[in-house]
1. May I ask you to sort 276, 368 by Cβ crowding, counting other Cβ atoms within 10 Å and putting the fewest first?
2. Considering every pair of different Cα atoms, what Kirkwood radius, in Å, is found for the chain?
3. Using a 10 Å cut-off around each Cβ, can you sort 183, 284 from fewest to most neighbouring Cβ atoms?
4. From zero outward in steps of 10 Å, how is the percent of C-alpha pairs of the range 2-209 spread across the bins?
5. Expected output is a single nm value to one decimal: the length gained when fully extending between residue 39 and residue 336, i.e. 0.36 nm times separation in residues minus the C-alpha distance. What is it?
6. Most exposed first by the Cβ proxy, i.e. fewest other Cβ within 10 Å, how do 195, 138 rank?
7. Given 4 °C and 1.567 mPa s, how large is the Stokes-Einstein diffusion coefficient of the range 140-219 in µm²/s, with Rh as the Kirkwood radius over Cα pairs?
8. Remind me, relative contact order of the chain in percent, using alpha carbon pairs under 8 angstrom and six or more residues apart?
């Protein structure tokens with residue numbers, strides 16, 4: 001992209017594609033270029049056949065016979081070029097077949113007039129130049145190839161005109177110079193068209209790059225909008241979206257679900273005693289422990305607010321929910337994060353409230369499950385902290 005920006009910042013006429021940019025341009029433009037070249041070759045064959053057919057009707061048989069063998073050079077050359085451009089090949093191979101085919105086509109047209117003689121001599125040489133000019137204009141090929149086509153056409157014209165018994169050498173040279181100016185003008189126009197095609201390609205690359213950067217930036221913004229900036233887990237908004245999708249779109253919701261409300265015990269004491277920086281580090285560690293305790297990628301954890309974390313477990317029964325909750329509680333305790341003024345232990349612990357809606361019963365709403373998890377967490381805090389309580393009509397601590 002640095003090279004693209006550098007080329008676009010300069011003058012248009014100075015644009016040159018090299019290296020990977022040239023290769024990318026060829027790969028991008030090859031299908032269209034191949035179609036154009038194949039179509040040109042096919043129409044050359046068709047027009048050659050139509051011209052011979054009309055000549056057979058309008059001209060004497062002897063004149064027509066003198067045209068046949070030189071005209072027979074054209075179709076095979078055009079057919080071979082058409083076959084070559086049916087699939088991508090090495091650039092040098094494309095160049096060899098393109099220039100060889102065009103040279104043989106031009107030679108064929110010129111020899112028709114030279115072999116027939118008379119008024120056909122100069123007429124077919126002029127037609128040959130016209131054919132060359134159309135190839136230069138139409139073929140989206142490297143400028144060096146177009147220059148070779150123009151040079152070969154002028155060379156054939158001058159060679160046969162110098163041998164033309166009907167004109168003098170001076171007239172042949174004058175005619176060659178006249179047509180050379182036209183070929184040069186055509187090549188200049190071809191060069192301008194090529195440069196403009198290159199510039200369009202560069203602009204497209206730049207636009208695609210900017211769109212990719214914009215899409216990436218939007219993705220990053222979306223990720224930031226859905227992520228808690230401190231802990232790196234999902235934020236409350238993201239969790240609400242997950243719950244909404246599950247209850248309204250997920251066909252697996254019939255399998256039930258569970259919610260865990262996790263709260264760091266005596267977190268205010270930790271902040272007051274060790275400082276907010278240590279409190280932040282504690283929340284990051286606890287978030288990581290909870291995240292690592294999930295069953296699979298479907299389980300979701302979010303920082304719900306302050307020192308509270310909400311865990312959503314889809315397709316989960318009470319036994320599985322207890323296992324996950326106890327795994328979180330025990331791992332946080334085993335981490336031995338300092339909280340010297342805690343009323344539970346001299347290190348960080350969590351209390352967890354669990355609410356479950358299984359397939360055997362009616363699937364409760366997300367709001368209902370969350371209220372139940374909150375109620376169970378309240379009981380866990382009231383009971384002893386550092387324990388798991390499953391919501392029930394008469395909930396009791398499950399562990400601690």
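1. Details: 276 10, 368 13.
Listed from fewest to most nearby Cβ atoms, that is 276, 368.
2. On the way: mean 1/r = 0.0351 Å⁻¹.
In the chain this quantity evaluates to 28.5 Å.
3. Neighbour counts put them in this order, fewest first: 284, 183.
4. That works out to 8, 31, 30, 19, 9, 3, 0, in percent per bin.
5. Numbers: separation 297, 0.36 × 297 = 106.92 nm, distance 7.79 nm.
Extra length available between residue 39 and residue 336 comes to 99.1 nm.
6. Working: 195 18, 138 13.
With the fewest neighbours first, 195, 138 line up as 138, 195.
7. On the way: Rh = 15.8 Å.
My calculation gives 82 µm²/s for D.
8. Details: 545 pairs, mean separation 47.0, N = 400.
After rounding, I find 12 percent.
Bear in mind these aren't lab numbers, they're just calculated from the coordinates by the rules spelled out. As the structure is a computational prediction, the values presented were derived from the model and not from experiment. Note that each Cβ is placed from the backbone with ideal geometry, even for glycine, and that neighbours are counted across all protein chains shown.
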